[in-house]
Amino acid sequence: MDMYQNPYMAFPGITPEEMGFLQQGTAELTENQKKYFYMAYSGKRKSEQDLLIFCLVGLFLVPGLQRFIVGQIGMGLLYFFTIGLCFIGSIVDLINHKSLAAEYNRKMAYECFQMARMSS
């Protein structure tokens, strides 16, 4: 497959599971809707490497940063005021950064899919 047929290959660190999820989710969209989805999703998606960096910064500098980045404001505040739940929560997030990124990306893909369906 070339880049034109599968634009999701351009996403840094995309996993086969995420690519399959995106292809299955966008199968019923028109070409214009797929382009809209791709543009919206590429702006909202977080790679696993980015989230790993945010987790490290959250562990050492700003507790809860990784939770703020993925839109979990309540958990971010809890981590901030409890110093990452006494560092335990921040360490767990550091270990589970891939699942945090996957959960966030699925949520953003669903949101972008809904927006794409309403466009054109």
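Can you confirm whether the stretch 61-76 contains a residue that is under 18 Å from residue 14 (Cβ atoms) and of a type in the set (D, E, K, R)? Before the answer, list the steps.
Keep residues of the stretch 61-76 that are under 18 Å from residue 14 (Cβ atoms), which gives 70.
Within this subset, residues satisfying the condition of being of a type in the set (D, E, K, R) are none.
So far as the stretch 61-76 goes, no, none of its residues is under 18 Å from residue 14 (Cβ atoms) and of a type in the set (D, E, K, R).
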Which of the residues that make up the stretch 111-120 are surrounded by 13 or more Cβ atoms within 10 Å (Cβ to Cβ) and either within 15 Å of residue 17 (Cβ to Cβ) or among the hydrophobic types (A, V, I, L, M, F, W, C) (or both)?
112, 113, 115, 116
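Having 3 or more residues that are touching a residue at least 24 places away in the same chain (Cβ under 8 Å) and more than 16 Å from the chain's Cα centre (by Cα) is the bar; report the helices (runs of 4 or more DSSP H) wholly within the stretch 57-120 that clear it. Show your work before the answer.
On the way: elements: 65-69, 73-81, 83-86, 88-95, 97-118.
Passing ranges, in order: 97-118.
In this structure, does residue 41 turn out to be in contact with a Cys (Cβ under 8 Å, 6 or more places away or on another chain), closer than 30 Å to residue 119 by Cβ, of a type in the set (Ser, Thr, Tyr) and assigned to a helix (DSSP H, G or I)? Spell out how you get there, then give the answer.
Values: in contact with a Cys (Cβ under 8 Å, 6 or more places away or on another chain): yes; closer than 30 Å to residue 119 by Cβ: yes; of a type in the set (Ser, Thr, Tyr): yes; assigned to a helix (DSSP H, G or I): yes.
Criteria met by residue 41.
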Name every residue in the stretch 5-53 that is closer than 28 Å to residue 93 by Cα and of a type in the set (D, E, K, R), in order of residue number.
17, 18, 44, 45, 46, 48, 50
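Laboratory data are not the source of any read-out in this text; all were calculated from the coordinates shown. Quick caveat: nothing in here was measured; it's all calculated off a predicted structure. FYI the Cβ positions are ideal-geometry reconstructions off the backbone, even for glycines, and counts take in every protein chain you see.
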